[in-house]
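The values are calculated or read from the model by the stated rules, or taken from the named source; none is laboratory data. Please read all numbers here as calculations on a predicted model, not as lab measurements. Cβ placement follows ideal geometry from the backbone for every residue including glycine, while neighbour counts extend to all protein chains displayed.
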Amino acid sequence: MATNNSALQEKKTDKELYDYQQGAIQQIFDKFDTAPDDYHLLYQLPTGGGKTVIFSEIVRQYLKNHDKKVLVMTHRIELCSQTSKMLTSFGVTNKVVDSKANLDDQADYSCFVAMVETLNNRLNDDKLDISDVGLVIIDEAHYNSFTKLFKFFEKSFILGVTATPLSSNKDLPMKDNYNELITGETIENLIENEFLARPEVYQYDMALTSLEVGSNGDYTVKSSEDLYSSPAMLQKLIDAYKKHSLGKKTLIFNNGINTSINVYYAFREAGIPIMHLDNTATKKQRKQILKWFHETPNAILTSVSILTTGFDEPTIDTIILNRATKSLTLYYQMIGRGSRILNNKSTFTVVDLGNNAYRFGPWGADLDWQLIFKSPNWYADRIMDDEKIEANFKHDLHEDIKDEFDKSEDTYFDIRQTYKDAVANGESSKVVLERSIEHHAKICIENSEDVYDALALAKLLKDDINQRIEVYAKCISKSTHNFLKWLKDDYKTKLNSYLRANFDEVFEQIHGHPPEE
């Protein structure tokens, strides 16, 4: 839907709706009027665009003009109570159907808000009369838990709402359950018109090929925990936090409770204020932790994916993705938690420690949701795998040693390209490592007064050598542990020999005079 920007700028007071929200409501009611009574319509709007506001107004208008009831379905208890409050604020009297609800007075209500599992039980036990429900609204419609309930509503109009119209299960595509998708404002439009904050993204090149993909299509918790709980990764996380967000309110997402607990202890040890929250917390603990997070300006909260939906904390400044995901929906939800605007907040920070932006592109890029809705597998098959992502990394010297080589203009050496060139010229693959050794020797000599300086600098190159050998091994498709170890040791020996044999000659080529005695 195209929008004119001046109309977008009209701010919402109390229950007045923004122009784009009214436009969406108009489009949806046009479908009510023209489509069959049992039509299934999906509406997409980014996180923070006000989906609950839109469907609350739809419920209000629907009940005013139709002699039928409305049922709103959610998949989480928090969303249930939030939705109920929002409907009440729109003047819609509603009844929450949770496990404790007494349904004796259900005839007095024309709007119900229910959780999937509770509703499923009540309907199977015939405890809730849904014979005159004309409209069913499904919040977070990309979850598949709702599909089992469709059989109860074969005569109702179903409106699904989601920020990401891509099913959480590729075997159950959304196009099988919905006749049509209507897309709302783009994230870019909402940012431009100051409805959402703009992310400033810091991407780290992560080696993730040890991660395994589970039956649900995403990375397994076990392989994620093995990687992200390692001391090196925990240190990387703390360093990234200190570099980009020190003293700012930060939400960290992990894949697995153990990782989150390890993150908690690592930050505690570093003397940084942090709390951990997972789905084993009691209601009281959760409330206390979220209250602390809200009230503490430099608070850090580490969690698993329980805060991806229905959690609204505009004071968040930084989102750290301390995990990788293959779920576009989860990627959008996690970053979306930082996009709410507040007073003068117009930007927020994203630190990506899972190659997620490489996998899906920038958050808020102009995705073709209609294409994704119609051909979800076509989209899924085009998501880059980790091998391909990592093949594009440009591994240069580590920041810690860069200063030691500051006289060298070019410290990067492209093993992959050198290998391709050698193959194209009919040369042996061995020349790749020979050229790499020459390059390492050159940068050592450029930054040395004598051969002993150069040999000392060569020792600092251990990580860079290991990195080059691993890329080389992938090029020649040989990577047994013993072979890699032999290659690395052999490389270091040859580099030292090369420096001893050629120091004077290379020094003179570089400086135009021999080294001073």
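Numerical summary
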{"quantity": "Thr493 vs. criteria loosely packed, with under 13 Cβ neighbours inside 10 Å, at negative phi and among the β-branched types (Val, Ile, Thr)", "calculated": "yes"}
{"quantity": "Unique residue being under 39 Å from the mean Cα position of the chain (by Cα), surrounded by fewer than 14 Cβ atoms within 10 Å (Cβ to Cβ) and closer than 19 Å to His398 by Cβ when the list is Lys459, Lys478, Lys420, Lys485", "calculated": "Lys459"}
{"quantity": "Hey, Glu185 surrounded by 17 or more Cβ atoms within 10 Å (Cβ to Cβ), at negative phi and not hydroxyl-bearing (Ser, Thr, Tyr) or not", "calculated": "yes"}
{"quantity": "Thr325 among the polar types (S, T, N, Q), within 19 Å of the chain's Cα centre (by Cα), under 22 Å from Ile238 (Cβ atoms) and in a loop (DSSP other than H, G, I, E, B)", "calculated": "yes"}
{"quantity": "Breaking point among (1) within 23 Å of Phe152 (Cβ to Cβ); (2) surrounded by fewer than 20 Cβ atoms within 10 Å (Cβ to Cβ); (3) of a type in the set (Val, Ile, Thr), for Ile25", "calculated": "(1)"}
{"quantity": "Long-range neighbours under 6 Å by Cβ, at least six apart or interchain, first residue outside any strand (DSSP E or B) within region 94-110, second surrounded by fewer than 17 Cβ atoms within 10 Å (Cβ to Cβ) and of a type outside the set (Asp, Glu)", "calculated": "Leu103/Lys127"}
{"quantity": "Top-ranked residue in region 480-507 [being among the aromatic types (Phe, Trp, Tyr) and in contact with a helix residue (DSSP H, G or I) (Cβ under 9 Å, 6 or more places away or on another chain); ranked as nearest to Leu433 (Cα to Cα)]", "calculated": "Tyr491"}
{"quantity": "Within region 71-92, considering residues that are touching a Leu at 6+ places or on another chain (Cβ under 8 Å) and closer than 22 Å to Glu16 by Cα, the one surrounded by the most Cβ atoms within 10 Å (Cβ to Cβ)", "calculated": "Val72"}
{"quantity": "Residue selected from region 39-56 under the condition in contact with a Phe, Trp or Tyr (Cβ under 7 Å, 6 or more places away or on another chain) and surrounded by fewer than 21 Cβ atoms within 10 Å (Cβ to Cβ), by the criterion nearest to Leu159 (Cα to Cα)", "calculated": "Leu41"}
{"quantity": "Wholly within region 422-517, helices (runs of 4 or more DSSP H) carrying at least 3 residues that are among the polar types (S, T, N, Q)", "calculated": "481-511"}
{"quantity": "Those residues of region 169-189 which are under 19 Å from the mean Cα position of the chain (by Cα) and either of a type outside the set (S, T, N, Q) or modelled with pLDDT under 90 (or both), in sequence order", "calculated": "Asn169, Lys170, Ile187, Glu188"}
